[in-house]
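The values are calculated or read from the model by the stated rules, or taken from the named source; none is laboratory data. This is a predicted model, so every value here is computed, not measured. Cβ: placed from backbone, ideal geometry, glycine included. Neighbour counts: every protein chain shown. Remember, those area values only see protein heavy atoms, side chains included, never the ligands or the DNA or RNA. Shrake-Rupley method; radii C 1.70, N 1.55, O 1.52, S 1.80 Å.
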Amino acid sequence: MFDWLSDMEIPTSFEEFDIVEIRFKGGRKDFFRNINRLDLTTGDAVVVDVPNGHHIGFVSLKGELVRLQMLKKKVDNNEEIRSIYRIATERDMEKFNEARDQEGTTMYRSREIIQQLGLRMKLSDVEYQADRSKATFYYSADDRVDFRDLIKKLAEEFKIRIEMRQISLRHEAGRLGGIGSCGRELCCSTWLTDFKSVSTTAARYQNLSLNPSKLSGQCGRLKCCLNYELETYMDALKDIPTVNRPLQTQQGDAILQKTDIFKRMMWFGYKGDNNWYPVPVERVQEILELNSKGVAVDTLLTEPEEEPVQNEFVAQVEGSLERLDDKFKNKKKKKKKKKKPGATSDQPQQPEGVATEASQQPKRERPERQQAQPQDGAAQQEQRPRRQRPPRNKNKNREGQEGVAPRENREPRERREPREHRERPETSGSTPEAGAQPQADGDQQRSKKRSRKPFRGKKPDQGNKPPRTDA
């Protein structure tokens, strides 16, 4: 339980409630008085007074909420409430942990003894007291069990005082714990303390299928959650009539198939017809009154069924999809109707091979560019026919220049000497040697047009060296 008063400031003159709720193994809780006014917090381990010894428990609740819990569980604030000794020390917790470790082996050995004696009982849990003076055995059984011989053998085996306590199957499931079909932890192991009887009428009122495998929990009994919403269903069923016999109509007898309690709709079907027809509760009451007078109605429904109103969001989405479809259709139509430049819609299409007057006329020279006047885009496209460019010749600029002979008539170029054997003039203005032959005219033009190579990894100012020239 959550202590929602823990963060609130308490007045100085107010005395805190001296009874504390202590939790033990298996979710068992009890109330103890804090006579020594110990400063306790939720979760502290304390040593409490129990019959014939002491035990260790954990603080689960304190303060004014404990007073409300005692009123709820009808526990009187009298002298019968036992006291808290002290806060548990490390030595106390060591003994307590040793006793808890011994519970598993004790339970398995006790089950073997029960099988040897042939008793019809199920041992579910064993709890040792912290001082190891007593052990409590929790079992469940359908009938009454005579376990006098069992107690004698258990006392001889474990040398301890034995206490047998019978619990129901619901308490057993709460002690063991688990996950329910809803995906959450079992209610009986978390918060449910009062186990009320559950009957199959609760499932009938809620129109649930009477399948025991679906209605039963892990304890093998009907689920406790069947009672949670039963009152709501009972209030909703007050105005819904009970149909004990089929409704009489001219089409035949209508048999009740299903009842939607919260929508106040009852579904009927005819013999030999797989369709079910929804009928409002008010109409069913009218038909029952007429049938009690011996009158068979024409149809189950007096008014035709209304078409379902389309949601605004669905209408917007469908409308937007239709607009997109129209948009793509128009694009495809425009692509198909696209014509050649210069052609108009008024001119008829001519068959291939027949020359038109426009094609026989000589091409006009391109007029000078004038200032464009603002016109529509469609009109400009019709007025300006698209210009077709002639095919591009890559060798035109090379072979069509004056002074450059075609590649076929060129003379073979002489191979140059290696750069190492070339002669360099002493100065840039020096004249060529006497023995050097003048270059041809074509070679001179090519040398003039040839661009100089950039410096490769060398700085431009390298002393007074003369610039390199090709001989």
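The phi-based Karplus calculation (6.51 cos²θ - 1.76 cosθ + 1.60; θ = phi - 60°) puts the 3J(HN,Hα) values of segment 139-146 at 9, 10, 7, 6, 10, 6, 10, 8 Hz, whole numbers, x for Gly and Pro. Average accessible surface for segment 190-309: 71 Å² per residue, computed with a 1.4 Å probe over protein heavy atoms with every protein chain in place. Listed values for segment 18-35 are Karplus-derived 3J(HN,Hα) couplings in whole Hz (6.51 cos²θ - 1.76 cosθ + 1.60, θ = phi - 60°), namely 8, 9, 10, 8, 10, 10, 10, 5, x, x, 6, 10, 8, 10, 9, 8, 8, 6, and x replaces Gly and Pro. Ligands, DNA and RNA aside, Thr42 has an accessible area near 90 Å² when probed at 1.4 Å. Each residue of segment 51-62 is assigned a 3J(HN,Hα), and the resulting list reads x, 6, x, 9, 9, 10, x, 10, 5, 10, 7, 8 Hz, derived from the Karplus form 6.51 cos²θ - 1.76 cosθ + 1.60 (θ = phi - 60°), x at Gly and Pro.
Pairs with C-alpha atoms separated by more than 28 Å, drawn from the list Lys122/Lys196; Lys25/Lys214; Lys134/Lys196; Lys73/Lys159; Lys72/Lys134, are Lys25/Lys214; Lys134/Lys196; Lys73/Lys159; Lys72/Lys134. Counting only protein heavy atoms and using a 1.4 Å probe, the accessible area of Ser199 comes to about 60 Å².
What's the magnitude of the charge dipole for segment 100-239 around its Cα centre, counting Lys and Arg as +1 and Asp and Glu as -1 at the beta-carbon? Answer in Debye, nearest 20.
280 debye
Close amide H partners of Thr249, meaning residues 5 or more places away or on another chain with modelled amide H under 5 Å apart, are Ala254. Across the protein chains, with a 1.4 Å probe defining accessible surface, the residues Asp273, Asp125 rank Asp273, Asp125 from largest area downward.
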